[in-house]
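Report on the following structure.
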Amino acid sequence: MLTRSRGRLGARSGPLSVAAAGLLSAVAAVLVFAAAAPAKPAVLKVKGHYASQLAAGPDCKAATKRCFAGRIYGDISGSFTGGISAITPTAQADVALVDAVTTITTARGELHFAHQQAVYNVNPAGRGEFSWILRITRGTGRYAGATGYLQGSGNTPPSTGKSTSTYVGEITLGGSIGHLAGSATGPPAKTCQTPAGSYLVNPPPGGSRAGADPAELAAADCTLGFDEQPVYPLSVIGLALLASLGVVVLLRRGTSHDAIGSET
């Protein structure tokens with residue numbers, strides 16, 4: 001009687017084992033699929049403010065002979081320089097369209113903008129109100145292959161040339177900059193392959209590597225060290241945990257049935 005009872009109840013462990021194996025296989029398949037999917041580029045929402053000073057002199061290479069330099073604060077922190085390429089009058093009195101080249105330098109890399117467009121009140125007695133927008137042309141270091149924009153508004157009184165402005169923007173790290181790649185002065189962009197996909201970098205200008213920015217050299221050698229670990233969505237992790245819990249419950253039920261059968 002004991003032997004028959006064990007045989008009947010023990011037969012239940014067959015389907016339980018199959019179910020457990022099926023759930024484990026499903027969990028493994030989900031994790032393999034998640035690992036194979038490339039990680040999405042990081043998107044930075046940024047905001048802050050800056051202050052700069054207009055200047056003119058022999059060192060300014062801009063077409064208008066007007067350059068500027070200053071500091072930027074907030075989510076992007078560092079210094080910046082630039083030159084005004086053109087100042088074009090508009091149909092509205094005392095309002096001009098300004099086009100400038102700008103470079104932001106931070107501790108983790110540079111952001112280059114081939115065109116900073118601004119609508120500017122040039123009235124000599126005014127407050128110099130302006131609104132501006134610019135798009136990333138290329139980057140180095142952390143910003144190699146980045147895309148995105150910055151925009152803001154502020155004041156630059158023509159009487160002083162001192163500029164203050166707030167900014168907001170969005171920067172996608174490690175993305176492709178498509179037709180803009182290599183459009184700025186310097187070597188053409190190249191593609192670095194990683195386990196998580198690929199990204200574009202703009203190598204530093206040719207010549208001796210002595211004294212070059214280590215971040216630029218790392219970008220040029222495709223050894224910048226971006227985090228290339230796959231990112232698992234919370235839904236995948238939750239599914240794996242629920243499946244594992246189901247396996248434990250089924251195995252405990254199977255053990256309970258075997259224990260009852262052994263006492264018959």
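Pulled fully out, how much extra length does the chain show between Asp94 and Val168, if you take 0.36 nm times their separation in residues and subtract their Cα-Cα distance?
Length gained, Asp94 through Val168: 24.0 nm.
What are the ³J(HN,Hα) couplings of segment 84-96, residue after residue, when phi is run through the Karplus curve with 6.51, -1.76, 1.60 and θ = phi - 60°? Round to Hz, x for glycine and proline.
With the stated coefficients, segment 84-96 comes to 8, 7, 7, 10, 10, x, 10, 5, 8, 4, 6, 10, 10 Hz.
Along the Cα-to-C-beta direction of Thr64, a point sits 7 Å from the Cα; which residues of segment 88-111 have their amide N less than 19 Å from that point?
Under cut-off, by backbone N: 88-104.
Provide the packing ranking of 117-126, 135-144, 89-98, i.e. peptides ordered by the mean count of other C-beta atoms within 10 Å per residue, highest first.
The packing order, highest mean first, is 135-144, 117-126, 89-98.
Bear in mind these aren't lab numbers, they're just calculated from the coordinates by the rules spelled out. These figures come from a predicted structure and were not determined experimentally. Using ideal geometry, Cβ is built from the backbone for each residue, glycine included, and neighbour counts are taken over all protein chains shown.
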